[in-house]
Amino acid sequence: MLGRLERVVETASHGTAVAKLGFGAGQVVLELGYDDDVDEDVRAQVAETIQGDLEDEDYGDVVDAVLIWWREDDGDLTDALVDALATLEDQGFIVLVTPKVGRSGEVDPSDVAEAADTAGLNAAASINLTSDWSATRLVAPKTTARR
């Protein structure tokens, strides 16, 4: 019984984390980088929160958010972020999910910061998503010019 209680608490914490990252009802979310190592509970929580399915790379329209599962050997992170930006609606955001330090495929935080900066993005939030994954919410900077 304790295992079930722990599972409920863990799922509830994912829900809180998903909300902190900015996911909400009615959003269209494109998921990139899916592989057998992703956290299925996090995926399910995002789908539950947006009240719909996650779209895959074959989706052909603009989206409200992009969820990217990224590992060290996945290629050029800057290119991936720029490509993801091309699919976003105005005010959209990217959630970059990377393995935590010490996990297989970990991505150095300085590499994330450099790629985000080069792509013209700012980190709006970073959280410990699960015991294996960290997440960073990336957004385009708001302009400060007023007319």
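Computed values, structure above
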| quantity | calculated |
| --- | --- |
| Within the stretch 17-147, percent of DSSP bridges classed antiparallel, to nearest 5 | 50 |
| Cα-based helix-to-principal-axis angle, 2-20 vs the chain, degrees rounded to 10 | 10 |
| Estimated FRET transfer efficiency (Glu89, Thr118; beta-carbon r; R0 30 Å; 0.05) | 0.85 |
| Relative contact order (percent, whole number), the chain, Cα cutoff 8 Å, 6+ residue spacing | 21 |
| Rounded to 10°, Cα long-axis angle of helix 109-118 versus longest principal axis of the chain | 30 |
| Cα-based helix-to-principal-axis angle, 40-50 vs the chain, degrees rounded to 10 | 60 |
| Neighbour-count order for Thr87, Thr118, Thr130, fewest beta carbons within 10 angstrom listed first | Thr118, Thr130, Thr87 |
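Rule-based calculations on the coordinates, nothing more; no lab input. What you are looking at is a predicted structure, and each value in this text was computed from that prediction instead of being measured. Every residue, glycine as well, gets a Cβ built from its backbone with ideal geometry; the counts of neighbours run over all protein chains shown.
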